[in-house]
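Working notes, beginning with the structure itself.
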């Protein structure tokens, strides 16, 4: 080390002060920070609902909440977490912040649309909060008809409109990314020199623009049924509620890949950086992102095996569902091969990446049980399903998101957080997560159905384990809030490239200036060029 | 930077073709063609849509990327419609289990 | 296109065009970004209407008699008239874009205003048709009246009729709104042969709206007209 790094004098954070300079900004980095604050608040809210659910389930009797209240708790947990946290999480925060510097651009292609997407997100959240304060909603985050159209007497319309509106925010983000990646790349930055993070976000954006409109029209059809008494899915007039499920899952299955693909992009960056090696099988990892995006659209009806779809189509959907395992496995094996003989170090982002491997593996493999028609009949609507998708959406997507947040935090704010506390939190999250959700596999297999507030006595031990794990997980999630806030003022100054990573975004100051690059960069090299020399130097740091 | 400028006459002839095709659609609806009424109406509509996309929307003269976006939208629309049709078309066709002796 | 590149290179650094935003290098890049963005937006629209069309097709196959009966209550002459109006508005829109491409300011404004007028005519006819449906209690829901044995399934037809045409009309209202702004910009002389992207993008959107109607007309009005 030559001398201690200093913060740059001018950067995007001090370029303009006051609320107005933030609310009217067109800078993708500031918009990302506002997304970060917004979705962190939503995550906290969703976490509180999850806490309420776990608290109720500590005892077999439904003693804490009435059944109706419990229904609202898990519904609002799901709605908040899916529509207002997981869908925007990695793309809207890290993608927004990092894609322009990663491809050598000054901003996204449509900065005003980017700001608009944030306002739309807030508007959607406002609808949700209205529903919340008006008494909540109890349909489950899936809004299944005819319950949502005619039977439920809770605030379905504002909640559904909240999801509908925030969907447009997601579409606009995806559209912006697609155009940016196509049209804003620096000279010399060909498609196969792009960071895998960018490839993953490209695939994610495809799902956002292809899937979200379908759930939007589906919500509109529920809306006209509920608001005007129209009949489209109404069985009393000959409508088919299963049609709703088809349309809903056409989006909502790929939506899982909106959550997991960006996390996979993050993991690719982290793994390569902390094993000081170029990624193994770059083009396979890149194309597997696209393959996941495309395959994700042909498998949706595995959510509906017991809903009354035809036996033959169930067989076909079951078979097709296995196809998603192929690109997922390609990624996992390539990450493992990247680690092989690497100069691995265990900073916090890498711990999260390791956590991701374990949890994603379990989540992915249990997905195969559920894709299998025969076993799904037994496991459908049990805690096995709940556990499976939490392993993917929390164990996979949130581990990736947090890993990315720790990895790029020095770039976001220019300062380091406490390495000790952050390692503790990574371990707490991993342990707490497994303690929460592994017992749920067993519970589900034994036949405990989801969405009930009471259960037979013999399930209590495992449920208490799960609730205890939720407590540990909660602490693991709260710790970063503390040390991230602490780092803002007191953290050690990070310098442009604290990890010795190779991407373009690490060559500009931390925090970056508003225009990212003083001069248009030109790219000559391949991605992930970690020479032994770089590795040695980085290890010294 | 003005892109491709089509002659006015092209636009007028496309307009004429679209009007004639609309008239044919209405006319065909009044003729009993049995099961063929709907497919013919949809085929004419698709032909009209193709004319609009190729000439009014300039896709014929657009970049490969624009064409790719158009094809992508149709591809995923086909997945959406096709897989749902697969379910509805095979409803009620039960798998006959072998009876145990 | 090659001319355009040459132009951008020749003028890119010397005199940046007024409409060039700071984060783009050239007008060419800016225009290509807008065009791609618009097409991706239209892609979302295809899937948006796609879900609705499937619902229509499914129930039409299931309840063909109900759909045929309900469809016959729609006024075919108004439907055909509106189809002609909308195709006409697509023509005027295409001519507006052409005028903008060739830097004819007053022609651009004229064709845009014609498009707006035709769009409003379409919406006016739609209002007449909707009013008729309310009068005859053909709006699905508690006030729906029909003597047919298929009364329940006819409600599905009318539910889809109102949702599809309603969303289509909503798209037209948005289009007319956007077009009014673009017309004002054109009148102010904001466009020239190097920068007319807003006119072109509005055109793409308007043609798409036309395209949806091209399918809606035979599907809703012409289910079975021959008996």
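The values are calculated or read from the model by the stated rules, or taken from the named source; none is laboratory data. Keep in mind it's a predicted model, so treat the numbers as computed, not measured. FYI the Cβ positions are ideal-geometry reconstructions off the backbone, even for glycines, and counts take in every protein chain you see.
Just one of (1) more than 8 Å from chain A (Cβ to nearest Cβ); (2) at pLDDT below 95 fails for residue C:22. It is (1). There is at least one residue in segment C:169-177 that is at pLDDT 95 or above, assigned to a helix (DSSP H, G or I) and within 12 Å of chain A (Cβ to nearest Cβ).
Candidates are the residues of segment B:1-27 that are more than 30 Å from residue C:192 (Cα to Cα) and surrounded by fewer than 19 Cβ atoms within 10 Å (Cβ to Cβ); the one that is nearest to the chain's Cα centre (by Cα) is B:21. Taking the criterion of being touching a residue at least 60 places away in the same chain (Cβ under 8 Å) and either away from every other protein chain (no Cβ under 12 Å) or closer than 30 Å to residue A:213 by Cα (or both), the residues of segment C:134-151 that qualify are C:136, C:138, C:148. Candidates are the residues of segment A:14-32 that are touching a residue at least 60 places away in the same chain (Cβ under 8 Å) and buried (at least 20 other Cβ atoms within 10 Å of the Cβ); the one that is nearest to residue A:108 (Cα to Cα) is A:28.
Scanning segment C:167-192 for residues that are surrounded by 15 or more Cβ atoms within 10 Å (Cβ to Cβ) and out of contact with any helix residue (DSSP H, G or I) (no Cβ under 6 Å at 6 or more places or on another chain) yields C:167, C:185, C:190, C:192. Restricting segment C:86-114 to residues that are buried (at least 19 other Cβ atoms within 10 Å of the Cβ) and away from chain B (no Cβ under 12 Å) leaves a set whose member that is nearest to the chain's Cα centre (by Cα) is C:112.
Scanning segment A:425-454 for residues that are part of a loop (DSSP other than H, G, I, E, B) and out of contact with any helix residue (DSSP H, G or I) (no Cβ under 7 Å at 6 or more places or on another chain) yields a total of 3.
Residues in segment A:295-310 that are within 26 Å of the chain's Cα centre (by Cα) and without any contact (Cβ under 8 Å) to a residue 40 or more places away in the chain: A:295, A:298. Within segment B:54-68, being under 20 Å from residue B:22 (Cα atoms) and facing chain C (nearest Cβ under 7 Å) holds for B:56, B:57. Please determine, by comparing only the residues of segment B:1-20 that are in a loop (DSSP other than H, G, I, E, B), at the interface with chain C (Cβ under 8 Å from one of its Cβ atoms) and without any contact (Cβ under 8 Å) to a residue 24 or more places away in the chain, which one is farthest from residue B:59 (Cα to Cα). The residue in question is B:1.
Of the residues in segment A:455-473, none is assigned to a loop (DSSP other than H, G, I, E, B) and free of Cβ contacts under 8 Å to residues at least 60 places away in the same chain. Among the listed residues A:55, A:45, identify the single one that is closer than 26 Å to residue A:142 by Cβ, within 18 Å of the chain's Cα centre (by Cα) and modelled with pLDDT of 95 or more. When all the criteria are applied, what remains is A:45.
Is it the case, given these coordinates, that residue C:198 is assigned to a helix (DSSP H, G or I), under 23 Å from the mean Cα position of the chain (by Cα) and within 11 Å of another protein chain (Cβ to nearest Cβ)? Criteria not met by residue C:198. Comparison of C:95, C:78, C:47 shows that the only residue that is within 30 Å of residue C:186 (Cα to Cα) and either in contact with a helix residue (DSSP H, G or I) (Cβ under 6 Å, 6 or more places away or on another chain) or modelled with pLDDT under 95 (or both) is C:95.
Put simply, of A:414, A:364, A:358, A:400 the only residue that is more than 18 Å from residue A:90 (Cα to Cα), within 16 Å of the chain's Cα centre (by Cα) and in contact (Cβ under 8 Å) with a residue 12 or more places away in the chain is A:364.
Exactly one residue out of A:227, A:203 is touching a residue at least 60 places away in the same chain (Cβ under 8 Å), within 11 Å of chain C (Cβ to nearest Cβ) and in a helix (DSSP H, G or I), and it is A:227.
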